[in-house]
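The next block holds one structure in the form of structure tokens; read it before the comments.
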């Protein structure tokens, strides 16, 4: 990671709450250009809210969110030109693909974003075909999204965002509820997308994928960042992972008869017995 | 350690079998039927007459025929249009039993219930008298019921043909091209898309409840649980609605819908448009007459 890279996002003392419940509590963080960030945290730690603030779907109750040097406020999004420019540069993939797939066919789904941006129809048709090829889902082109498998839905959801060629990709639990093969395909894609030239922020509690998809980790708990570092540093910090409910201790017996307990997630397993 | 009392294991009394209640059975059937009705594309993808036509031609053609059915003032015209509907079904490879199962039986049942009192309460020439109650059916009442039922059956058949022989995406696009307001088309599309998601959620909730139940619930307890489930489902649908809107916003939606319209009229589409309009005009002309007698008088047969 280059230290000289410009900040894509800057959050300054951001607080967001759902009625009485605080989701983000005085959060301050900066995300740099080309950084691949894993946002780690247990359920309800504020990961999804964080992504929605970055995508300007939510606006903070207190504090400021800046993207590409512009302040993200409801007022700023009243300007259509500003809104379209931002929406082209930042794409969010939701955890539940059913939420994101609301068009009658896969083709329409992928064309939805460019159509809203009022790109020319010939250009849209060409881009949709290219995106379908890139995601290897051309055979699904005329299928209704609700009839696809979980893995296929996820790939269509990703394609529907990638067609806008965003500079920043936000992903909310991209591997949740996927079978191993679909999960592997998504991880491969995330590891290679844009030749590591783009900014990718992935919210997950799947520690197995962190090293493949990120070069920097933020650990969330109760709407605050309680840990930050490279994947190797964070994954080695079992105390932090246990404290934030990302791992749990488990007790087991080995063939040698030795019974012991250690965190469920551990990079290596060294026993003398 | 005390042994586990085995009186329950050895008991000859069989536990009361818990049957799926009315709500669960209805819900499961409703989901199955809705899925079949909404998402079955087996006919839309077959190579029949209506399937090959441009969706705009189908929408305009069939809606014109439906208008004719509604305005026709004699049974001859309505029966003629019903015959046209059956001919279209045969040419489009839609089996008559499918029409009967999905449209005719339901329409006959519900319209019949509405039309039944009319037979007895309309003043006119007596037709027959019901034994025991002594109610008199009249010719005018019976004719009114026949008109109502035949109109409903014919219009439902045309509507079903449109839905069965057109991909749902094309129906929506066709409506849009025909300048039906965007808001209406979007609401229709979203309802179609998410009704099944919500029905599935409802079924999962019922199954989750069933898996934790032993024996039958009392009536009041059952009603309490059902009411709570309805509340949860409503709350989930609000949540889903909110999430979908955010997903649309995230991809640039600002309240206006834009679509790609790929329809191109071919020679057969123009020919079919001519055919539909000819039938519609003929039916509209014949439909002006109050009875077959006056029609035959005009054409000089009587």
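Quick notes on this structure:
- Chain A: angle of helix A:121-134 to the longest principal axis, Cα-based, in degrees nearest 10: 20 degrees
- Relative contact order [Cα under 8 Å, 6+ residues apart], the range A:1-150, whole percent: 18 percent
- For the range B:73-226: rounded, prolate or oblate by the Cα gyration tensor [a/c cutoff 1.5]: oblate
- Taking the longest Cα principal axis of chain A as reference, the axis of helix A:106-116 is set at about 70 degrees.
- Residue exposure sequence - B:267, B:209 - by fewest surrounding Cβ within 10 Å: B:267, B:209
- Ellipticity at 222 nm from helices only: DSSP H runs of n ≥ 4 in chain A, each -39500 (n - 2.57), divided by the residue count, give -9000 deg cm²/dmol.
- Shape of the range A:1-105 from the C-alpha gyration tensor: rounded (a/c under 1.5, with a ≥ b ≥ c the square roots of its eigenvalues).
- Averaging the sequence gap over all C-alpha pairs within less than 8 Å and six or more residues apart, then dividing by the number of residues, gives the range A:1-77 a relative contact order of 36 percent.
- Rounded to the nearest 10 degrees, the inclination of helix A:150-162 to the longest alpha-carbon principal axis of chain A is 50 degrees.
- Anisotropy class of chain A from Cα gyration tensor, a/c 1.5 cut: oblate
- Residue order, fewest to most beta carbons within 10 Å, for A:217, B:165: A:217, B:165
- Chain A: relative contact order in percent, alpha carbon pairs under 8 Å with at least 6 residues between: 24 percent
Each reported figure results from applying straightforward, stated rules to the coordinates on display, with no laboratory input. This one's a predicted model, so the numbers in the text were calculated from it and none came from an experiment. Methodologically, a virtual Cβ is constructed for each residue, glycine included, from the backbone with ideal geometry; neighbour enumeration extends over all protein chains shown.
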